[in-house]
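Everything on this sheet refers to the single structure shown next.
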Amino acid sequence: MKVFDYYSLYSAVTAKCKYFLILAMLMFASIANAQTFTAEVSANPVGVGEVFQISFTLSGSSSGSPTGFQPPAFKDFQIAAGPFQSQSFNFINGKSSSSQSYAYNLVARAKGKFTIGSATISSGGKALKTQPIVIEVTAISGGGKGNQPAAQGQGGNQQGNSQQVSSAQIGENLFIKAIADKNTAYIGEQITVTYKLYTRLQIAQPQISKLPGYQGLWSEEITTPQVLNLTRETFNGKVYNTAVLRKVALFPSQAGKLDITPFKLKLKVVLEKKRKSQGFFDDFFNDPFSQQQEVVEYEAVSNTINIQSLKIPDNNKPANYSDAVGSYKMDVTIDKHKVKQHDPVTLKISMTGTGNIQMLESPNLNLPAQFDKYDPKTNVDITRNGIIGGRKTFEYLIVPRAEGKVEIPALSFSFFNPAKKSFETLTSQPYTVEVERGEGQFANSNPNISKEDVKLLGQDIRFVKTSEPDLQPIGSYLILKPFIWVLFSLPVLGVCGLLLFKKREEKLLSNVSLSRNRKAEKLAKGRLKMAAKNLKERNSELFYLSVSTALFGYVEDKFSIPKSDLSYDTIIGKLEQNNFPQDLSDRLQSALEECEFARFAPSSD
């Protein structure tokens with residue numbers, strides 16, 4: 001009898017199930033690890049001259065870096081920019097995946113249906129390629145004959161050679177839209193206006209031709225990127241490239257109807273037109289997709305915005321309201337609670353919040369008579385990231401003049417909150433300052449004398465001048481006064497004196513003999529002073545040398561005698577020619593001989 005072996009059957013079935021389970025897991029892993037390579041366009045259909053983007057994306061589990069990317073031939077389109085590469089990596093629930101994209105900005109050049117072929121890439125040892133994409137290119141919408149001529153074709157002045165594009169046609173595909181977040185606001189309430197460029201054309205060299213006018217509105221620029229960032233947006237059923245040109249926060253300063261004038265932007269529009277056929281042979285030899293580019297200057301003008309400004313309601317208006325609109329907080333601090341007489345105390349008021357922070361006024365500071373108050377130092381820090389706001393501080397310098405405990409009363413500040421359509425009042429706490437008696441010259445100062453009366457504190461006190469002022473009778477002229485004519489003549493006399501001095505100097509420089517004659521006495525006196533010094537120092541040799549040099553040099557310069565001819569006989573001869581007294585000649589000769597004897601044959605001092 002044969003016994004059925006249940007255990008053997010169970011083992012066989014279990015082994016088969018494990019085999020199929022492992023096979024299923026491997027198949028699922030291969031499917032999960034599969035990579036895909038796809039192509040996608042940002043718009044389809046597109047207009048002639050419109051910029052659109054095509055991207056090729058490799059996605060799936062990462063298994064090494066992809067290589068050998070080969071884009072298709074964009075023979076029917078113009079490459080405006082690219083390729084742009086981007087990568088991303090995700091790790092979710094223990095599984096990793098990555099993607100890598102290659103993007104191009106293309107410009108449609110002609111009307112029709114065109115096929116963009118497959119792109120190829122290698123990844124994980126496999127060659128992948130995308131599916132072809134069919135792009136439908138339509139003409140620029142709009143009709144009518146243009147009033148702005150395009151570039152002419154090869155025919156020069158031949159009619160029908162150039163394609164006319166009207167401003168209306170461009171305007172339907174390129175315009176600026178001014179958008180206000182609200183059209184009704186209270187005086188002082190923020191209105192945000194955004195100027196946005198919409199384009200389906202290729203543009204270049206944008207330049208502001210006219211900024212909008214804000215009559216009756218206070219304006220604050222909102223920070224925007226310096227470079228235009230184009231994004232895709234659908235408007236009236238069409239896809240446009242859009243960019244924010246400008247953002248501004250406006251605050252009405254008067255009630256009534258206010259107009260925001262248009263914003264104007266000049267730019268160049270690049271259009272593509274197909275070359276007109278001149279016959280069968282032109283069609284045969286020419287590329288059917290050959291294009292001519294034409295650059296048209298165009299001025300885009302935004303729409304006008306109408307604002308209705310409302311008055312601040314008078315109901316429940318606080319008595320201390322000072323035209324502040326927005327939402328604010330107030331913080332009041334002092335740096336000292338205990339000081340001596342005449343020592344300064346700093347009181348700081350900080351206003352923070354949203355609104356026209358620049359136009360905020362300081363809360364009314366009513367101090368006791370014992371304090372002197374000076375004009376505040378103001379500091380403003382404005383944030384311009386959409387809602388205008390920030391911080392404004394008022395820093396007061398106050399000086400106590402009397403000793404004792406003096407209280408600084410609480411400050412109050414009221415503003416109108418447009419969000420709540422009601423007034424709000426902020427109140428600070430009062431502060432007590434303990435003032436001690438001053439020392440020295442400040443101890444007995446009179447606290448009732450204000451800073452307007454006292455000019456110098458701590459020195460001699462000078463009060464307001466009480467003497468009669470020096471007045472002039474009506475009808476008298478200052479120019480008739482003698483001293484005025486003296487003042488007028490001084491510059492003339494100075495110029496004349498300068499010219500005479502310059503002329504005299506030029507004469508002296510041109511006449512060497514005259515110059516030596518004038519300087520002879522000065523040089524001789526200097527040498528004689530040196531001789532006196534040598535005599536005082538009992539230096540006989542230098543004394544006689546200085547006296548001899550002074551005498552010889554004086555006669556030499558006075559009579560313009562060359563050094564080569566200088567001798568006793570020459571000197572005596574010059575004196576006789578000029579009728580000098582004989583006694584003077586003898587004394588001069590005796591002095592010169594004595595100096596020479598003392599210098600070259602000294603016997604005793």
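Treating only the Cβ atoms of Lys and Arg (+1) and Asp and Glu (-1) as charged, compute the dipole magnitude of region 293-436 about its Cα centre; round to the nearest 20 debye.
Dipole of region 293-436, to the nearest 20 debye: 520 debye.
Dividing the mean sequence gap of close Cα pairs (under 8 Å, 6+ apart) by how many residues region 283-383 holds gives a relative contact order of 21 percent.
Across Arg384, Arg437, the residue with the most accessible area heads the list, and the full order at a 1.4 Å probe is Arg437, Arg384.
Note on Glu506 and Ala73: the model spin-label points, each 7 Å out from Cα along the C-beta direction, lie 8.8 nm apart. The figure for Leu271 is an accessible area of roughly 10 square angstrom, using a 1.4 Å probe on the protein chains alone.
Ordering Ile54, Ile387, Ile484 by accessible surface, largest first, gives Ile387, Ile484, Ile54; the 1.4 Å probe counts only protein heavy atoms, with every chain in place. The length gained by stretching the chain between Arg384 and Lys268 to full extension, at 0.36 nm per residue less their Cα-Cα distance, is 38.6 nm.
Between the alpha-carbon centres of region 296-364 and region 546-582 there is a gap of 95 Å.
Given a 1.4 Å probe and the protein chains as shown, Glu40 ends up with an accessible area of around 120 Å². Placing +1 on each Lys and Arg Cβ and -1 on each Asp and Glu Cβ, with no other charges, gives region 521-598 a dipole about its Cα centre of roughly 560 debye.
Determine the gain in length on full extension of the stretch Glu434-Leu528; use 0.36 nm per residue of separation and subtract their C-alpha separation, reporting nm with one decimal.
Numbers: separation 94, 0.36 × 94 = 33.84 nm, distance 7.95 nm.
Net length gain for the segment: 25.9 nm.
Since only Met359, Gly438, Ile387 are under comparison, the one whose Cα sits farthest along the positive direction of the charge dipole of region 347-449, derived from C-beta charges on Lys, Arg, Asp and Glu, is Ile387.
In this simple spin-label approximation, Leu211 and Asp331 carry label points 7 Å from Cα along the Cα→Cβ vector, and these lie 3.3 nm apart. Report the paramagnetic label zone for Ser350: residues of region 415-441 whose backbone N is under 11 Å from a point 7 Å from Cα along the Cα-to-Cβ axis. Once the point is set 7 Å along Cα→Cβ of Ser350, nothing inside region 415-441 turns out to lie under 11 Å by backbone N.
The values are calculated or read from the model by the stated rules, or taken from the named source; none is laboratory data. All of these numbers come straight from a predicted model, not from anything done at the bench. Because the Cβ atoms are built from the backbone with ideal geometry, glycine has one as well, and the counts that use them run over all protein chains shown. Ligands, DNA and RNA are excluded from the accessible area calculation, which covers all protein heavy atoms including side chains. Shrake-Rupley method; radii C 1.70, N 1.55, O 1.52, S 1.80 Å.
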